[in-house]
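Enquirer: Next up is a structure, given as structure tokens.
The values are calculated or read from the model by the stated rules, or taken from the named source; none is laboratory data. Since the model is a prediction, treat every value here as computed from it, not as a measurement. As a convention, Cβ positions derive from the backbone with ideal geometry for all residues, glycine included, and neighbour counts pool all protein chains shown. These accessible areas exclude ligands, DNA and RNA; they are computed on the full protein's heavy atoms, side chains included. Shrake-Rupley method; radii C 1.70, N 1.55, O 1.52, S 1.80 Å.
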Amino acid sequence: MTGHRSGRRPGRTWWVAVLAVLLASHALAADFRVTEVQTRLVAGTYTLDALIDYRFSPEALEALANGVPLTILMQFQVRLADAWIWESSVTDLELRYAIRHRPLSETYEVYRLPGTAGRTFVTREAAIASLGEIKGLDLVDQSRLQPGKPYEVHLKVSLEIEALPLPLRPTAYLSGAWKLASPWTKWPLTH
């Protein structure tokens, strides 16, 4: 015998490892990441610019191509840098944006909810890139912050499954391909 253990077939461990790598690469390929956040003080109000990298799963992109709008939930908080988790935020803000495909005109639209009017793009990539750019968002009035204390901006983005058409929701809840979200990221509030 040449080292085979108790009836195991050679190479089985290798296939398990390959499957794990493929699943992990799929998980890394489809997800959302907040890559940059900048804040500044403008006329007594802190504003935010951010860049978000949206990597939709093939399933979400297929649904989009077939006319299903995808809704993105953006959550923002301004908190004291050393605040405990149970302490209140100075600001809690939620924004919703949608991206949809218009098959008749072969264009994509990005718009803020509530509403249906927004910017139109010729390519899906341009629409997704636009969705990932936040510019000049008013976060918090300077008068609400304690002078001399450090504050942070917390930001999370996610695909809102509840906004999908009802027949698609059970599949979305059960499939990791639809559970697309960034972790909460923390950025210093600077001026």
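Enquirer: How do Trp187, Trp178, Trp84 rank by accessible surface area computed with a 1.4 Å probe, from largest to smallest? Write down the numbers at each step before the final one.
Expert: Details: Trp187 55, Trp178 10, Trp84 155 Å².
Of Trp187, Trp178, Trp84, the descending order of accessible area is Trp84, Trp187, Trp178.
Enquirer: Can you give me the % of accessible surface on segment 33-146 that is carbon or sulfur? Probe 1.4 Å, all protein chains present, nothing else counted. List each step's numbers first, then the result.
Expert: On the way: 3130 of 6230 Å².
Carbon plus sulfur share of accessible area: 50 percent.
Enquirer: Could you check the spin-label model distance between Ser105 and Ser175? Points 7 Å from the Cα along Cα→Cβ, value in nm.
Expert: 2.8 nm
Enquirer: Hey, what's segment 25-146 come to in accessible area per residue, 1.4 Å probe, Å²? Mind showing how you got there, number by number?
Expert: Details: 6680 Å² over 122 residues.
Per-residue accessible area for segment 25-146 comes out at 55 Å².
Enquirer: Note the per residue figure in Å³ for the convex hull of the C-alpha positions in segment 36-140. Working shown, then result.
Expert: On the way: hull volume 13.9 nm³, N = 105.
Given the Cα convex hull of segment 36-140, per-residue volume reads 132 Å³.
Enquirer: Moving on to the next point. Each label point is 7 Å from the Cα along the Cα-to-Cβ direction; what then is the distance between the points at Ser130 and Glu162, in nm?
Expert: 2.7 nm
Enquirer: Right, another one. Not counting ligands, DNA or RNA, and with a 1.4 Å probe, what is Glu36's accessible surface area in Å² rounded to the nearest 10?
Expert: For Glu36, the solvent-accessible surface is approximately 80 Å².
Enquirer: At a 10 angstrom cut-off on C-beta neighbours, averaged per residue, how do the peptides 71-77, 117-123 rank from highest to lowest? Intermediate values should be presented prior to the final figure.
Expert: Working: 71-77: 19.6, 117-123: 13.3.
Highest mean packing first, the order is 71-77, 117-123.
Enquirer: Moving to a separate point now. Going by average Cβ neighbours within 10 Å, how do the peptides 137-143, 106-112 rank, with the highest at the top?
Expert: 106-112, 137-143
Enquirer: Could you report the accessible area of Lys135 in Å², rounded to 10, computed with a 1.4 Å probe on the protein chains as they sit in the structure?
Expert: 150 Å²
Enquirer: As a test question: what accessible area, to the nearest 10 Å², does Ile52 have when a 1.4 Å probe is rolled over all protein chains in place?
Expert: My reading of the accessible area for Ile52 is about 20 Å².
Enquirer: In the neighborhood of Val122, defined by Cβ-to-Cβ distances under 13 Å, what is the net charge if each Lys or Arg adds +1 and each Asp or Glu adds -1? Working shown, then result.
Expert: On the way: positive: Arg102, Arg119, Arg124; negative: Glu106, Glu109, Glu125.
Net charge in that neighbourhood comes out at 0.
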